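Here the structure comes first, spelled out in structure tokens, and everything after it is commentary.
Only the coordinates and a few stated rules stand behind these numbers; no lab work does. Given the structure is predicted, the values throughout are model-derived calculations rather than measurements. Quick reminder, even Gly has a Cβ in these numbers, built from the backbone with ideal geometry, and neighbours come from all protein chains shown.
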């Protein structure tokens, strides 16, 4: 009895408070597979992921009004996105995420002598994912999600004094918010994993600095970008620490609307659609995810445009993207 009591007293005096440091292994975390094809569509409780990435597109052409690919004779347009994203597993079945983009753009034209560059913040977005169903061995994950994009990037092309030739800035934002809702499903088949994603984005109207209304002398015009329906499919195969994947990404945009602001609860009810401003886009993305460790991945990708839209709003990429191959790279750190 005395020996047992003394042993308990010594253990009690020597034991410290249990706590977890920022980058130490946390016992409350959900299990996270080391390989990409076995991971669900939410990161899991207790995990935090930081992503540092960039997307680079050099556009040397466009889609004409008939949907045919055309080449620019003298112009070159470089559009890049430098981005930071954060994912946090709030619960075992829910994830909160945020993305903050920056854009570097360059437009040159040998014939006119145009040479314009710009770097600045883009439109941040954040969202919520919930996983109603999860299966194990083989892995299956079904999620529903919402996302919100806030207008924060530059929406002014510069001074209007002297006409359009005095514009000296890129418009990198529609100047209006977006609200998206969607669902995705991922199913593992041995070393393979198939992911399907379907979403709808409601694009709200707003008064912007780059739209000018002169008919009714309101000066500031109200615009509404077309709502977007998106469907994507991706097939992945795991080969050791490398996960190769590829698929299709299709988007349909409704008509772009423009006009004046009206009184009442619905200020955009009198907006008129612009003819042939809707369109269909189809890209073929592919890439490789290198699972170096459970907490360290490198994600490399390329996206090739196959079908596109007429560039009625060049160079506003958030409305009508230019034609060009996009190369991507992301460093993902999680703990």
With the Cα gyration tensor of segment 214-295 in hand, convert its eigenvalues to equivalent ellipsoid semi-axes via √(5λ) and list them largest first in whole Å.
44, 15, 10
Overall Cα dimensions of segment 66-187, principal axis frame, Å, largest first
62, 31, 25
What is the projected area of the convex hull of the Cα atoms of segment 246-335, averaged over all directions, in nm²?
9.1
Using only Cα atoms, find the angle between the long axis of helix 2-14 and the longest principal axis of the chain, and express it within 0 to 90 degrees, rounded to the nearest 10.
20
Order of 148, 37 under a 10 Å beta carbon neighbour criterion, fewest first
148, 37
Taking the number of other C-beta atoms within 10 Å as the exposure measure, put 173, 180 in order starting with the fewest.
180, 173
Cα gyration tensor of segment 76-148, axes a ≥ b ≥ c as square roots of the eigenvalues: rounded (a/c below 1.5), prolate (a/b > b/c) or oblate?
prolate
The equivalent-ellipsoid semi-axes of segment 36-334, taken as the square roots of five times the Cα gyration tensor eigenvalues and listed largest first in whole Å, are 36, 23, 18
Can you show me the helix-derived [θ] at 222 nm for the chain, built from DSSP H runs with n ≥ 4 at -39,500 (n - 2.57) apiece and divided by the number of residues, rounded to the nearest 500.
-1000 deg cm²/dmol
Test of understanding: what is the full-extension gain from residue 126 to residue 58, defined as 0.36 nm times their sequence separation minus their Cα-Cα distance?
21.7 nm
Highest-MSF residue in the chain out of 112, 201, 262 [GNM, Cα springs under 10 Å]:
112
Pop a pseudo-label 7 angstrom from the Cα along the beta-carbon direction at both residue 231 and residue 133 and give the gap in nm to one decimal.
1.9
Report relative contact order for segment 36-334 in percent, whole number only (criteria: Cα-Cα under 8 Å, sequence separation at least 6).
17
